[in-house]
1. How high is the relative contact order of the chain, in percent, with contacts defined as C-alpha pairs under 8 Å that are six or more residues apart?
2. Could you compute the FRET efficiency for GLU239 and THR64, with r as their C-beta to C-beta distance and R0 at 30 Å, rounded to 0.05?
3. About its Cα centre, what dipole magnitude does the range 59-127 give when the only charges are +1 on Lys and Arg Cβ and -1 on Asp and Glu Cβ, stated in debye to the nearest 20?
4. Search the structure for amide H atoms under 5 Å from the amide H of VAL116, placed 1.01 Å from N in the peptide plane, and list their residues when 5 or more places away or on another chain.
5. Would you kindly derive the ³J(HN,Hα) couplings of the range 151-161 from the backbone phi angles with the Karplus curve 6.51 cos²θ - 1.76 cosθ + 1.60 (θ = phi - 60°), listing them in order in whole Hz, with x for Gly and Pro?
6. Only helical DSSP H runs with n ≥ 4 go in: add -39500 (n - 2.57) per run for the chain, normalise by residue count and round the 222 nm mean residue ellipticity to 500 deg cm²/dmol.
7. Give the long-range amide H neighbours of ASP193: residues separated by 5 or more places, or on another chain, with amide H under 5 Å away, using H modelled in the peptide plane at 1.01 Å from N.
8. For a Förster distance of 45 Å, can you work out the FRET efficiency between the beta-carbons of GLU286 and VAL14, rounded to the nearest 0.05?
Amino acid sequence: MAEPRTETLAPPQVAPRARVQAMKEYHPPLGYRDLLRLDFNENTLACSPKVCEVLASISAGALTRYPEREPVEAIVAAHLGPSSVEQVALTNGVDEAIHVLFETFLEEGDELLLPVPTYTMYEVYASATDARIVAVQADDDLQFPFERLLAAITPRTKIIAIANPNSPSGSVATRAQLVEIANRAPHAVVLVDEAYFHFHGETVIDLIGIVPNLIVARTFSKAYGLAGLRIGLLAGPVELMRWVRRVLSPYSVNSLALACLPAALDDTAYLNWYVSEVLAARLDFEAALDKAGVRRWPSRANFILVDIGPQHAEFVRLMRASGVLVRDRSSDPGCDGRVRITIGTREQMSQAIPALSKAVAVLNITNSKGQAK
């Protein structure tokens with residue numbers, strides 16, 4: 001029997017595009033997460049029981065067929081409000097929605113206008129194109145930098161990406177501000193990412209087709225609890241969505257996700273219960289933060305950003321040691337020393353509060369200032 005070859009092989013001679021080599025890398029801190037998951041803003045409990053029933057009914061034969069998204073897109077359009085199925089495209093999570101949108105519209109010489117801090121993947125996907133990223137920094141209060149954003153619009157602005165509510169801050173832009181931005185930049189796509197819509201309760205999806213350059217993104221990974229199935233959507237005017245569909249893979253949304261989504265949409269009682277739990281728990285947790293003297297930022301989402309200061313990494317470690325996962329956001333622009341904490345149910349947050357109190361006491365955090373104004 002021949003001995004296996006052990007010599008070192010030469011590295012491949014093929015190099016990726018220069019733009020790919022220069023891309024911003026993103027390494028989510030995943031791994032062992034069988035603790036209280038207050039780190040990724042997911043549904044922290046479970047999806048609708050009706051979704052589980054659908055999963056249990058799927059046959060092996062059903063998995064042999066390519067997925068068909070169009071019938072489910074019609075259901076989604078009717079449920080969420082766009083007037084026609086041509087205005088909606090389901091995607092493999094909202095990440096694919098962002099990626100496809102940027103690939104469709106950004107080219108060399110274009111500018112992506114990005115209020116920061118915000119969702120990291122906007123910059124990651126934009127950096128794969130030849131467009132220039134123009135960051136508009138929020139003040140220390142992390143409120144939406146409306147006037148600064150307006151002033152940054154130029155003839156080269158091609159996309160303006162706005163998470164509403166924003167992550168990691170939880171701040172929001174008003175409907176009037178979003179419409180004004182779209183009016184001031186008719187030559188650009190205004191993407192409003194409403195991933196946390198259910199916890200905010202305000203939307204601009206009803207303006208699809210009325211505001212001609214408005215596109216709305218939604219995800220089913222948060223309130224609906226379908227993060228593992230990877231399903232999101234883009235909704236926009238037919239004239240823009242036809243170009244998005246040209247770039248979008250026809251089979252990127254899997255059959256399981258398509259089968260489960262109608263059940264998730266239909267179970268409004270479960271969705272409303274979960275959202276009400278989170279909103280009540282957010283109030284309780286805000287009170288606990290204030291009692292502990294931990295500075296926080298007002299949030300309209302299912303998370304709260306807090307100021308821990310120089311001991312932020314040790315705070316995250318102590319919380320994990322107490323069985324609670326939280327997310328260090330210190331690397332985000334203007335967020336040094338800040339940690340984001342997802343809000344779960346009231347029962348779950350009653351477990352998180354003692355862990356918070358213990359960590360704050362151990363670290364003797366004294367630089368906190370209460371609620372940020």
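FYI, it's all coordinate maths here, none of it is from the lab. Worth saying up front: this structure is predicted, and the values here are computed from it rather than measured. Cβ: placed from backbone, ideal geometry, glycine included. Neighbour counts: every protein chain shown.
1. Numbers: 685 pairs, mean separation 81.0, N = 373.
Answer for the chain is 22 percent.
2. Working: r = 37 Å, r/R0 = 1.22.
The value I calculate is 0.25.
3. Values: 2 positive and 12 negative charges, 96 e Å.
Magnitude of the dipole: close to 460 debye.
4. So VAL116 has HN proximity to VAL136, GLN137, ALA138.
5. 5, 8, 5, 10, x, 8, 5, 10, 9, 10, 9
6. Values: 13 runs with 140 residues, N = 373.
Taking each H run of at least 4 residues, the total per residue is -11500 deg cm²/dmol.
7. Amide H neighbours of ASP193, under 5 Å, 5+ apart: ILE162, ALA163, ASN164, ALA217.
8. On the way: r = 53 Å, r/R0 = 1.17.
About 0.30, to the nearest 0.05.
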